[in-house]
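Working notes, beginning with the structure itself.
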Amino acid sequence: MNFRRNVFVNTALAVCQVLLLVPFMRSDSLAASGSPAGARNATDPQSTQTHPQAQPPEAKGRAAATLKYRDELVYIVADQFEQSGTTYMLHGDAQIDFRDYVLYADEISYNSNSGEATATGHVKLQGGEYNVHMEASRAEYNITDATGKFYDVHGTTGLKLGSRRAILTSSNPFTFSGKVVDKVGPNRFVVHHGSVTSCELPHPKWTFTAERINFDIGGLAKLHHSTFRLRSVPVLYLPFAEHPVEQLGRQSGFLIPSFGQSSVKGTIFGDSYFWAINRSMDATLGLEYFSKRGFAQHANFRALTSDNSHITATYFGVIDRGLGPTHIDQGGEDVKIQAEQYFPQNVRAVANVEYLSSYLFRVAFAENFQTAVNSEVKSDVFASRNDNGYALGILAQRYQNFQSTNNGDSFSILHVPSIDASSVDRPLFGTPLLYGFDVAATGLSRRSPTFSSANLVARLDAHPRLALPVFLRGWTFRPGVAVRDTFYTQHKTPETAFAIGSTINDALNRKDFEGELEVRPPRLEKIYQKGIFGKALKHTIEPSMTYHYVSGVNNFLGVIRFDSTDIVSDTNEVEYGLTNRIYVKPRNQKCENNDPDAPCSRVPTELLTWEVAQKYFIDPYFGGALVPGVRNVLQTTVEFSGIAFLTETRVLSPVTSRLHIRTSQHTDLQWLFDYDPKKGRINASDVFLDYHVGPYFFGGNHALLHAPGEVFLSSPTPTVEKFNQFRLTAGFGHPSRRGISLAGNVGYDLNLTSLQYTAVQTSYNWDCCGLNFEYRRFVLGPVRNESQYRFAFSLANIGTFGNLRRQERVF
């Protein structure tokens with residue numbers, strides 16, 4: 001037995017030694033796709049770095065061998081092959097796997113010593129870090145260096161090709177072709193007499209053809225003497241151009257030129273330069289030429305200073321030659337800076353600064369209606385620290401409002417600086433009492449055509465408060481008291497209620513006492529099990545009442561109006577209201593796991609909310625603050641309604657109604673209105689509707705307003721201003737949707753029976769490019785009556801040609 005055991009062991013060792021000396025032969029089926037090992041880094045074979053090794057391919061019924069190159073394995077498979085020294089001749093569906101590339105061909109001659117391979121007939125090279133796939137008629141390729149020359153090539157990167165479909169492995173897929181392609185490195189190629197595109201083959205929508213194209217995967221393709229073609233039609237010749245290849249980062253360079261047409265500006269042509277300063281900072285500088293007006297300049301700077309901090313600055317200006325026979329200069333500048341920065345110890349700093357040279361410039365040259373009609377310019381810079389319910393902040397603020405497009409017809413209010421300390425309501429020494437406070441020291445200034453304060457008016461304001469919430473059998477009572485002391489270094493003559501008149505450089509001290517009682521009865525509710533459409537309903541009614549009393553403000557007309565702090569007046573009033581809510585709960589709604597006992601089962605949603613409120617003024621004169629015949633703006637009315645309805649003494653305020661209906665995720669309806677029972681009319685009504693389902697959407701808004709108007713130089717008594725306007729938006733699709741999309745909007749003034757603006761936009765997108773057209777019209781009084789024709793032609797991974805910017809589209 002021992003003899004037989006020794007013979008068996010010795011024989012097995014001898015066989016193993018022979019197998020190590022002879023190329024390994026096996027008979028397995030080769031997979032139809034011949035997949036490589038996956039994405040791996042291929043480096044110089046002379047390097048001491050260990051390379052990831054490909055897996056041996058399946059080769060059932062075919063000849064296969066495992067070779068070595070510098071301690072790395074090379075797998076070869078073919079229907080049959082011949083060996084002559086270090087040269088292997090592979091015949092029929094030949095395949096060579098090394099590192100992360102696989103070479104396929106009908107015939108391959110391979111030298112295992114030098115790594116050189118000559119492939120003919122249906123040549124394919126697949127693999128690499130970026131999933132390179134090249135097909136050629138023949139190739140001379142060095143397996144170990146990953147370099148070579150390919151003829152009659154079609155290739156792609158960023159696509160993993162399978163038996164049924166291609167899988168996108170990059171956000172920037174890239175396709176190239178050429179008579180000759182030199183692979184000069186693992187990820188570096190030179191294409192001779194070829195083309196590149198991002199479109200699907202075999203019929204790309206657009207291509208760049210060139211005599212020579214150098215590209216690095218993960219970098220840029222540099223095209224020399226290139227021609228841009230739509231289908232096969234040449235459109236544009238470029239002596240030099242660049243195209244990203246698997247490049248997600250940003251590159252400095254000139255952007256695609258913009259081009260457009262306007263009835264007022266004429267032919268528009270311009271270009272911009274993009275500067276990628278570093279990974280977290282970039283800038284764009286551009287210039288546009290208006291054939292009828294002059295030159296426009298724009299600039300944009302962006303920077304991320306930390307993970308949650310940023311700064312953005314924009315500039316837009318026009319050097320105007322003038323409009324009409326008198327050459328009215330409407331040029332100007334608009335500068336905006338937005339920044340946010342977080343510091344240790346819960347300190348946050350924010351800047352939102354804007355400078356506008358004139359309102360005439362904005363109306364004449366703003367690219368959207370909302371910006372063109374906005375007469376306000378706001379600038380705020382503040383820093384604050386919040387800790388455990390206490391807040392400390394410093395603020396610098398400038399508010400400017402243009403009353404018309406006439407030069408100098410505006411007023412401005414300045415806060416420099418303002419130091420504020422405040423707190424939320426918190427328990428007082430562990431008792432049920434709640435306390436809070438607001439304290440501020442502010443430097444102020446106001447300028448208008450009819451009134452100007454001192455360059456700096458100091459204001460000190462202290463407002464402590466105390467409250468005691470009480471809960472009794474479902475009732476909630478919240479009595480509270482507060483005092484306020486406000487000191488001014490300057491005040492005005494009290495002849496009128498408006499900022500018209502002269503100032504008096506004497507101190508003014510305003511003091512008041514405030515009392516409040518808020519009462520909330522128990523909520524009334526009822527559940528309707530039958531409901532509607534298979535859904536149970538729940539209806540709740542929430543009544544509320546608040547009594548508010550302020551006394552001691554006997555110098556209201558002498559206070560200069562800077563902000564809401566200065567419109568505090570005496571009042572003795574009661575506010576009462578009802579809030580109706582309707583909830584729906586589907587009877588058969590289930591969770592995703594079909595567990596009826598899960599917390600998400602049968603979750604109710606709020607279908608309708610309707611709030612109705614009114615005020616009863618016990619003191620209709622507000623302690624002498626009310627001036628009949630003019631528009632009175634008091635804190636008690638501002639907090640209740642956005643309409644200044646006080647032009648005379650009254651006991652009842654208008655009734656405010658706030659209705660919100662949301663029947664599903666696809667619909668949203670709001671109706672806000674104020675009804676004045678004394679005048680028997682609706683002071684304000686605002687209806688908003690939004691509906692969207694699938695690619696279709698519709699939105700509408702109607703605004704009706706009867707309110708006291710502004711005070712003009714010719715008459716200090718306000719006229720009644722009436723507004724009756726509507727806006728409509730409708731369409732289907734999306735700018736990035738395949739196929740056609742269409743949308744439009746319109747704004748119409750029913751009082752003036754005139755169109756204010758309209759826009760119609762259509763787009764059609766293919767797999768690698770898109771075309772957008774838009775007609776836009778502005779009718780803004782005598783300043784602007786303009787028709788614009790704009791378009792944009794977008795190329796995937798390249799850019800957009802035209803003047804239709806993304807942020808100004810209808811969609």
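Straight Cα distances below 17 angstrom link residue 492 to the aspartates and glutamates 506, 563, 566, with same-chain residues fewer than 8 positions distant left out.
What value, in deg cm²/dmol to 500, does the helix sum -39500 (n - 2.57) over DSSP H runs of n ≥ 4 give at 222 nm once divided by the residues of the chain?
Details: 4 runs with 35 residues, N = 811.
It comes out at -1000 deg cm²/dmol, rounded to the nearest 500.
Dividing the convex hull volume of the alpha-carbon atoms in region 191-349 by its residue count gives 163 Å³ per residue.
Based on the Kirkwood approach, the hydrodynamic radius assigned to region 223-290 is 14.5 Å, with every pair of different Cα atoms included. Site pair residue 345 and residue 184 shows an inter-label distance of 5.8 nm when each label is modelled 7 Å from Cα along Cα→Cβ. A compact globular protein would have a Cα radius of gyration near 2.2 N^0.38 Å; the ratio found for region 257-341 is 1.36.
Return the subset of 124/179; 149/205; 526/585; 615/678; 124/149; 265/378 for which the Cα-Cα distance in this structure is over 20 Å, preserving the input order.
Values: 124/179 15 Å; 149/205 28 Å; 526/585 13 Å; 615/678 13 Å; 124/149 12 Å; 265/378 28 Å.
Flagged as over cut-off: 149/205; 265/378.
The mean accessible area for residues of region 599-647, using a 1.4 Å probe and ignoring ligands and nucleic acids, is 47 Å² per residue. Let me make sure I get this right: for region 716-796, a, b and c are the square roots of the gyration tensor eigenvalues over alpha carbons, sorted descending. Under 1.5 in a/c it's rounded, otherwise prolate if a/b > b/c, else oblate. Which is it? Prolate.
Relative contact order of region 111-151: 38 percent, from C-alpha pairs under 8 Å at least 6 residues apart in sequence.
Measuring how big region 58-154 is from its alpha-carbon positions, Rg and Dmax come out at 12.2, 35 Å.
Where only protein heavy atoms count, and the probe is 1.4 Å, what is the accessible area per residue for region 181-298 in Å²?
On the way: 5860 Å² over 118 residues.
Per residue, region 181-298 has 50 Å² of solvent-accessible surface.
Each label point was placed 7 Å from the Cα along the Cα-to-Cβ direction; for residue 289 and residue 493 their separation is 5.8 nm. Dividing the mean sequence gap of close Cα pairs (under 8 Å, 6+ apart) by how many residues the chain holds gives a relative contact order of 5 percent. The gain in end-to-end length when the residue 517 to residue 730 segment is fully stretched comes to 71.9 nm, 0.36 nm per residue minus the alpha carbon separation.
Couplings 3J(HN,Hα) of region 531-537, computed from phi: x, 9, 6, x, 10, 6, 10 Hz, in residue order, whole Hz [Karplus 6.51 cos²θ - 1.76 cosθ + 1.60, θ = phi - 60°; x for Gly and Pro].
Among the chymotrypsin sites (Phe, Trp or Tyr not before Pro) found in region 362-412, not one is both in a DSSP coil and sparsely packed, with 10 or fewer other Cβ atoms within 10 Å of its Cβ. Convex hull volume of the C-alpha atoms in the chain, normalised per residue: 287 Å³.
Over region 653-796, average the accessible area per residue using a 1.4 Å probe and give it in Å², no decimals. Don't skip to the end; give the middle numbers.
On the way: 7250 Å² over 144 residues.
Result: 50 Å² per residue.
Its alpha carbons considered, region 642-698 gives a radius of gyration followed by a Dmax of 16.0, 53 Å. Taking a straight line from the alpha carbon of residue 722, these lysines sit under 16 Å away, with near neighbours fewer than eight places off in the same chain left out: 679.
Quick one: if the Förster radius is 51 Å, what FRET efficiency do residue 635 and residue 327 give, using the C-beta to C-beta distance and rounding to 0.05?
Working: r = 48 Å, r/R0 = 0.94.
Result of the calculation: an efficiency of 0.60.
Available extension along the chain between residue 152 and residue 551 is 134.4 nm, counting 0.36 nm per residue and deducting the alpha carbon span. Counting every alpha-carbon pair across region 378-524, the share separated by more than 29 Å comes to 38%.
The Rg/Rh ratio of region 307-414, with Rg taken over Cα atoms and Rh as the Kirkwood radius over Cα pairs, comes to 1.11. Expressed as a whole percent, the accessible surface of region 336-480 that belongs to carbon and sulfur atoms is 61, based on a 1.4 Å probe.
Only Cα pairs under 8 Å and at least 6 apart count here; give the relative contact order of region 423-520 as a rounded whole percent. Please list the in-between numbers first.
Numbers: 211 pairs, mean separation 23.0, N = 98.
RCO, region 423-520: 23 percent.
Extents of region 223-262, taken as max minus min of Cα coordinates on every principal axis and listed largest first, are 32, 30, 19 Å. Spin-label model, residue 787 to residue 664: label points 7 Å out along the Cα-to-beta-carbon direction sit 4.0 nm apart.
The values are calculated or read from the model by the stated rules, or taken from the named source; none is laboratory data. Quantities reported herein were computed from a predicted structural model and do not represent experimental measurements. Don't worry about glycine lacking a Cβ; one is built from the backbone with ideal geometry, like all the others, and counts go over all protein chains shown. Quick note on the areas: whole protein, heavy atoms, side chains included, nothing else; ligands and nucleic acids left out. Shrake-Rupley method; radii C 1.70, N 1.55, O 1.52, S 1.80 Å.
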